[in-house]
Each structure stands twice: as C-alpha cells, then as structure tokens.
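The next block holds one structure in the form of structure tokens; read it before the comments.
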Amino acid sequence: MIADNNTGAFTAGACSNNADYAMAVTRPFGAFVTGGRNGGDAPVVPMVGDVTDDLFHLLGDDSSETLAEDDETPCFCRGTRIRTQDGEVAVENLKIGDRLVTAGGEILPLKWIVRRSYRDWLAVGNPKLQPVCFKAGAIANRVPARDLLVSPEHAMFLDGMLVPARHLVNGKSILQLEGLDEIDYFHLELDRHAVIFAEGAAAESFVDDDGRGSFHNSREYRLLYPDEPFDAPVEYCAPLVEDGYAVEVLRRALAARAARLQPNLKAAPAPVRQGYLDRATRNMVEGWAQGAAGEGPVPLAIVINGAVVGQTFADRYRADLAAAGIGRCSFRFVLPQALSPEVSHRIEVRRESDWSLLHGGPILLKPSGSASPRPSFSNPPIEKARLRA
C-alpha cells in the first residue's frame, strides 16, 4: 500500500488501493491495474524500462505509455542553508527568482525549486533515500559550517569534479544515516547546471538528466515553462566522477582529515613526515619515507597509471640516511612485470595511512627515445634529499 497518496511511489511486491485504481507491482518490472476508477475494470498498464530498485515512481509522459523511474535523484534536506546574494537562507524558504551565489562568482536567479517527501515505511531503512551527512568541518576547515544532509546521489564539487555523496562515506566524518522516518528533499534549478554553496560546501544545482518527472511538483514546472522542450541536451558544469583513482584519492584524504578533526571544526596539523621518491625505471621504484615519531616503518603503495601495483614498507638500510640519523627508512620495490617501453607511464608512491603523495613524484616515464621531463637519480646525498622532503 502507499503511505502517502501524494508521493506516487511504489515498492516492488506492494499493492496500492486508492480512490482511482488498485495496482500490483512486480519486480524487476511490470505493473498491473486490477480495478478501475470507482471499482470499474481497467486494463493492464505496461511499464517501459527495466526497474531494478526497491522504490520507484510511475510517471505519465503525455503519451500512451507509463514510465517507471528509480528514486535516486540528488537533493538537499530541509534546513540546509544556501548562499544567496542576501546571505544564507534555508532551502525550504527560498523562492523562485531569489539570486544564488555560484562557485564561479556569478549571481544567478533561481528558476525552479524541486520538492519531494517520504514518510514512514517509504523512508525508514531505505539507503537509497536516507541522507548522507557531512559532519561540520568534514571537507575543509569550517566546511561545511554545520552538518550538511544531502541525498546519496547529490554530487559535491571537490578537486575539480562532481562526486555523488554516497561515494565519499567514510563512517567517521561522512555518514550514511539510518532510520529517518520523515525526509523532505529540495533541489534548486538555475538557468544552467552550476556549483552553489550549501552550508559553505560546494555542491551541484539541479540538472534535468531525465529526473524532473520524479519530483512531486514536476507538473508545476510545465505550467511555469510550457514552451521548454522535453529533451533538451544535458550539459554538466564539471565532470561527474563516481569511481576510479581520483575518487579513491579524495576518499582517503577525507578519511585522514576525519581522524584529525577537532571541536573547532578545523583539522589538527598532520604529523611531520619526510620522504622522497628518488628514482623510477621500468623495472624498479626506490626512495625513502619517514613516519612520525613512534609510527614504525611506513607502509607505501606503488601506483602506476592510476592503479596500485604493489605495497611495500620503508624499512631498508641506506648509508646516507643512517649517517643523518634518520634510521632504516628506505625502500626499493621491484615491479612484478617490466613496464612497456612503447607507452608513457606515470609513477607515484603514496603513504597508505593518508594517501598523501611522496615528494619527488609523480615521475613520468616517456616512451623509449623521448626525453625525460626530469632526470632520475639513485641514492642522492641526504642533504639534497632533505631539501626535497
């Protein structure tokens, strides 16, 4: 059954009984109307598209077909403060025409305010609906300024890319909430996709990538803008990245920051750690890395072309390091397979603890016959190594 007749949302295996229709929903797709308006007969309603999620909407598309759409639209939660030309305003208090501040410094008018709400069983225990919470200070010092709650698919703008919130959860400073039985979501549309500020954190505005119809007030948009095309091309303001090396680097950096987060919403300074990537060839990578006091040998990841090819510890003896009183903290990693001389290779060494890049890297190995962008060398004097750290 439907908890809120205004939502239009269904779950697989559920039945709906309202004044108009009784509907049974099957998984992975298919809906059957078993009774028509006022108890009359009604035909089977075919659903177009493969719906595999537990919660979805049945949508009209101004044609003879019924569309099914998953509920995974990005949104802000009620109470989120948005930066406007006149200051911070709670998202539910914004009005069409209010002027929002963008990350590029522009002031753009609010074109449409998107709304959807969930109650009771539609909300509780459904991770695709339960918000992701960015604790205050989780991203940078005092960013966000307060706890920021967004839907799992809402993209944050970090390191030049848009990353959905669910991919940044670390269980410490960025959490997937559970058990909320009342969820009110809002999204904000400008005349184009842009980065705006929510609680001081950079986040995307609404972009219609076939999701407009899933909102409870979607009809309002058509009344406001009846002449706009249904199939306008989608243009993102930045790359949307959901996985891969860049996201992993970001996740680890945020997790490391979480371990140093203080009550004043600032991160304590990272421990002083020295090290350097001295040399890289197509067969071997070597250098040195020193941890903070009491940390022991530093665990390192060898990364080539964005993929981790091995791990090692900086625990080998090297005469120049010993003479400087640093101790056993060098490493030499032999690659499991020699790198091809026909293509370029980007070589990095990162600390496993916080995924920070070892100084001296990355080293770019160009194809055979190309000039190297910088000379590589082995076992430099410790004085030079210290300068490089």
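The values are calculated or read from the model by the stated rules, or taken from the named source; none is laboratory data. From a predicted model like this one, the values you see are computed outputs, not experimental measurements. Please note: Cβ atoms are built from the backbone with ideal geometry, for glycine as well, and neighbour counts cover all protein chains shown. In case anyone asks, the SASA skips ligands and DNA or RNA and just uses the protein heavy atoms, side chains included. Shrake-Rupley method; radii C 1.70, N 1.55, O 1.52, S 1.80 Å.
Numerical summary
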| item | result |
| --- | --- |
| Descending principal axes extents, the range 244-317, alpha-carbon based, whole Å | 47, 33, 15 |
| Amide H within-cut-off set for Leu240, under 5 Å, with H built and near neighbours excluded | Leu162 |
| Virtual spin-label span in nm between Ala232 and Ser344, 7 Å along Cα→Cβ | 3.8 nm |
| Sequence of His359, His193 when ordered by accessible area, the most exposed leading, probe 1.4 angstrom | His359, His193 |
| Fraction of the pair-distance distribution of the range 217-264 above 17 Å, Cα-Cα pairs, percent | 66 percent |
| Exposure ranking of Arg318, Arg273, Arg99, Arg219 by accessible area [1.4 Å probe, largest first] | Arg219, Arg99, Arg273, Arg318 |
| GluC sites (Glu not before Pro) restricted to the range 281-364 and DSSP loop, no more than 11 other C-beta within 10 Å | Glu342 |
| Amide hydrogen neighbours beyond the local backbone of Ala202, cut-off 5 Å, H modeled | Phe157 |
| Under-5 Å amide H pairs with Met284, H placed in peptide plane, nonlocal only | Leu335 |
| Tail beyond 21 Å, pair distance distribution of the range 122-210 (Cα, percent) | 28 percent |
| Nitroxide proxy distance, nm - points 7 Å out along Cα→Cβ at Leu180 and Lys128 | 1.8 nm |
| Low-density loop positions, chymotrypsin sites (Phe, Trp or Tyr not before Pro), the range 293-345 - DSSP coil, at most 16 other Cβ in 10 Å | Tyr317 |
| Alpha carbon convex hull of the range 78-180, projected area averaged over orientations, nm² | 7.2 nm² |
| Difference of contour (0.36 nm per residue) and Cα-Cα distance, Ala322 to Ala292 | 9.1 nm |
